[in-house]
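Contents: one structure, followed by commentary.
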Amino acid sequence: MYLIDRRILTHFDFVLLGLIIPFMLLSYYLISDVNPILAKKQLLYYFIGLGAFLATFLLPIREYKWLIPAIYWFMIALLLSVDLFGVSRLGAKRWLEIPFTHLTIQPSEIFKPAFILMLAFLIQNNPPPKEGYGWRDFAKISFYILLPFFLIAKEPDLGTALVLLIIGYGVLFVVGVNWKIWATLALLIAFLVPLSYKYLLHDYQKKRIQDFLSEKPSYHVQQSIIAIGSGGLWGKPKEDATQTRLKFLPIATSDFIFAYYIERFGFIGALLLVGLYALLILHLFGIYFKLKGDYFTQVVAVGIALLIFTYMSVNIAMTIGLAPVVGVPLPLFSHGGSSFVNFMILFGLLEHLLAFRYRFLYNSSHIHGL
């Protein structure tokens, strides 16, 4: 057993864990500054996330990869059921109520791990040729990307739908698709974007874009920019962070936590935080390039990297007025449970794929013979 444990620890990615922990510590520190009650809830989310990490780390994913399509289609069924039995909040029907309880789940959030695993399953079973995927294979994988995109966009939750779209086609771009396909799609998108704006977007989504394009940003963004500017080079102590302390900055612990972070730690702090995200993303891409031939693990690693990059980019751009305001959290940083637990599930899956990637760790008869 000692030999088995040692081999598992040898391939366990401690660097990945070391890059995640600073986000948790900084996030808890900021949230406790603003609201100690929310900080206690955040601790609970950390414990749940840790439990999810350990559970998924111990799951024998490689032995039961054949179950991934069933999980994917079960999640699609949940997305379809939202339209029939969903709970509406603020004009959007995105939640399902758990029977006999007052609790709800958001299928679009918990769908992300299943989505990344399905991409890994498809690409592992049909690796790209040297010149990249052709139209037939591209169309087949696109079906599994576009189906949840349209179901989630219909809720409406265009932000989450676009995140899935970026991850799906981002993975295909990294793995390899014939350049002629990308050129054709670029022309098609240029033609369809104006039509989509006119006929597909809801009024509130158009208003967000109009607010973004107007000379004067919305109130939320104005206060966010003021908080960022007031942080200066090195930031301010808690008592002097008036934008947050006097509640001028809205949603300071979740959507606009980046603005509060800069108010407290300044431009230098912002550079360090973005640098930490860059290290995490580059580390995940490093795993992709290191494990040539293991397409399943490669796709999971690059899928997580693209998810973090997309969330981070959109959230930061939103807080500084360079993107419309959407409900996209700062990954591993914003207050909340669903996003954090999702990421911990994905990290647990990746750590499992790395630590148990050699056949002898799955061969029970071989293990007993050691």
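FYI, it's all coordinate maths here, none of it is from the lab. Everything numeric in this text was worked out from a predicted model, so none of it was measured. So basically every Cβ, Gly included, is an ideal-geometry build from the backbone, and we count neighbours across all protein chains shown.
Computed values, structure above
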quantity: The chain: relative contact order as a whole-number percent, Cα under 8 Å and 6+ apart; calculated: 28 percent
quantity: Residue order, fewest to most surrounding Cβ atoms within 10 angstrom, among His335, His283, His220; calculated: His283, His220, His335
quantity: Region 312-333 versus region 27-52: alpha-carbon centroid distance in Å; calculated: 20 Å
quantity: Val87 long-range amide H proximity, modeled H, under 5 Å; calculated: Arg94, Trp95, Leu96, Glu97
quantity: Distance (nanometres) between label positions extended 7 Å along Cα→Cβ at Leu9 and Lys154; calculated: 5.2 nm
quantity: Total charge dipole magnitude, the chain, about the Cα centre, Cβ charges on Lys, Arg, Asp, Glu only, Debye to nearest 20; calculated: 320 debye
quantity: Label of the coordinate-derived value, semi-axes √(5λ) of the Cα gyration tensor in Å, listed as [x] 95, 30, 14; [y] 28, 26, 22; [z] 34, 28, 21; calculated: [z]
quantity: Amide H within-cut-off set for Tyr133, under 5 Å, with H built and near neighbours excluded; calculated: Val177, Asn178
quantity: Length-normalised contact order for region 27-131 - Cα pairs under 8 Å, 6+ apart - percent; calculated: 18 percent
quantity: Span-like helix ranges in the chain, DSSP H, alpha carbon extent 27 angstrom or more, Kyte mean at least -0.5; calculated: 14-34, 36-58, 179-199, 257-290, 295-319
quantity: Whole-angstrom gap from region 99-157 to region 244-274, using each part's C-alpha centre; calculated: 33 Å
